[in-house]
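Written below as structure tokens is the structure these notes are about.
Read-outs: derived from the displayed coordinates by stated rules, not from any lab. From a predicted model like this one, the values you see are computed outputs, not experimental measurements. Cβ sites come from the backbone with ideal geometry, for glycine too, and all protein chains shown count toward neighbours.
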Protein chains: 2
Amino acid sequence: MLRERGVAPTSQRVSIALEMLLEPTHLTAEEVVRRVGRQDAHVSRATVYNTLRCFVDHGLLRLVNVGTERVFYDSNTSAHHHFYDPQSGRLTDIDDSEVSIVGMPRLPEGHEVEAVELVIRLKPAS
Amino acid sequence: MLRERGVAPTSQRVSIALEMLLEPTHLTAEEVVRRVGRQDAHVSRATVYNTLRCFVDHGLLRLVNVGTERVFYDSNTSAHHHFYDPQSGRLTDIDDSEVSIVGMPRLPEGHEVEAVELVIRLKPAS
DNA sequence: CTAACTGCAAACGTTTTGCAACTTT
DNA sequence: AAAGTTGCAAAACGTTTGCAGTTAG
């Protein structure tokens, strides 16, 4: 899987891939550090951050911004949207049939779209 | 304007309000620190951050998240969306007639919507 | 007089970086 | 040997906080 995307499969990268790419996940870098550390390999924080960036660059993960707090890495790289609950720090998918974005605005001269990010922030019901 | 919203108008708050609330702006906290410092008053970083949060809480500004880098404060508090160009660090409005979000997904049990954030990230045209 | 606000500097949490050591090839 | 990868600790970044002093009503 890594080789297919041109990512040299070192043992650390494989550990991270096993944790993230086998099932749908929404993990922060720190969660990956914890999870990978919990079993087999110790992977350094720096390497986790490098690897996640590398996976994003090679289309294995999608980066999801929710604010300044943290970044999520989503193993589902197809276009879809998210709920974010700052209370619990949990990110969840929005079913694609439930919302859609209609229309594509004229882009500023000399630019193209890098990413479309729709995040619905949640709060406890009043 | 401040009093209307129940915000006690101290001199620092007035300085910041003059900078942000008179015309449409998309400023980061650091830009506000610089701009306010450039003229009359020296307002401390802490006070700028406190004041911006206060203005958001009282509906004078809208907070726009674009990632981990920084937060923007938008003097247009009505529902609308944004382009973000990481290259230039500039945030711009998307005309409301150009995109819309259709449908409102079922929310997770016990939650309601705090904010709907649609940000289109730009990159230089290839 | 009191409650609220300010400013400094120190703390924070997440992410990046410099660089020497270690794998690969 | 060259190219790429790793890990540590330190730095960077934007933001928040503790607290003593100040201001406003």
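Once phi is turned into θ = phi - 60°, what whole-Hz ³J(HN,Hα) does the Karplus curve with 6.51, -1.76 and 1.60 give for every residue of segment B:106-120, x standing for Gly and Pro?
For segment B:106-120, the Karplus curve yields 4, 8, x, 2, x, 10, 9, 6, 8, 7, 10, 10, 10, 10, 9 Hz.
Going by C-beta contacts inside 10 Å, put B:Glu4, A:Glu98, A:Glu31 in order with the fewest on the left.
Neighbour counts put them in this order, fewest first: B:Glu4, A:Glu98, A:Glu31.
Per 10 Å bin, what percent of the C-alpha pairs of the protein assembly as shown does each bin hold, from zero upward?
Cα pair-distance distribution for the protein assembly as shown, in percent: 6, 26, 30, 24, 11, 3, 0.
Fewest to most neighbouring Cβ within 10 Å: what's the order for A:Val116, A:Val48?
Arranged by neighbour count, lowest to highest, A:Val116, A:Val48 become A:Val116, A:Val48.
When a footprinting reagent is the concern and you count Cβ atoms within 10 Å, what order do B:Thr92, B:Thr25 take, fewest first?
Going from least to most buried by this count: B:Thr92, B:Thr25.
Mean separation of Cα pairs under 8 Å and 6+ residues apart, divided by the residue count of chain A: what relative contact order is that in percent?
Relative contact order comes out at 21 percent.
Could you pull out which residues in segment B:92-120 have an amide N less than 13 Å from a spot 7 Å beyond the Cα of A:Thr92, following the Cα-Cβ vector?
Counting only backbone N, you get B:105-113.
Could you grab the relative contact order for segment A:18-67? Cα pairs under 8 Å, six or more apart, rounded to a whole percent.
Relative contact order of segment A:18-67: 27 percent.
Between A:Ala115 and B:Asn76, what is the label-to-label distance in nm when each label sits 7 Å out along the Cα-to-Cβ direction?
For the pair A:Ala115/B:Asn76, the computed spacing is 2.4 nm.
Once amide H atoms are built 1.01 Å from N in the peptide plane, which residues 5 or more positions from A:His111, or in another chain, come under 5 Å H to H?
So A:His111 has HN proximity to B:Ala125.
Calculate the FRET efficiency for A:Arg5 and B:Met1 from the Cβ-Cβ distance with a Förster distance of 51 Å, rounded to the nearest 0.05.
0.40
Counting helices only, and only those DSSP H runs with n ≥ 4, report the 222 nm mean residue ellipticity of chain B as the sum of -39,500 (n - 2.57) divided by its residues, in deg cm²/dmol to the nearest 500.
The helix contribution divided over chain B gives -8000 deg cm²/dmol.
Classify chain B as rounded, prolate or oblate from the Cα gyration tensor: take a ≥ b ≥ c as the square roots of its eigenvalues, call it rounded if a/c is under 1.5, otherwise prolate when a/b beats b/c and oblate if not.
It comes out oblate by the Cα gyration axes.
Summing Lys, Arg as +1 and Asp, Glu as -1, what charge do residues with Cβ under 12 Å from the Cβ of A:Lys123 carry, A:Lys123 excluded?
Value of the local net charge: -2.
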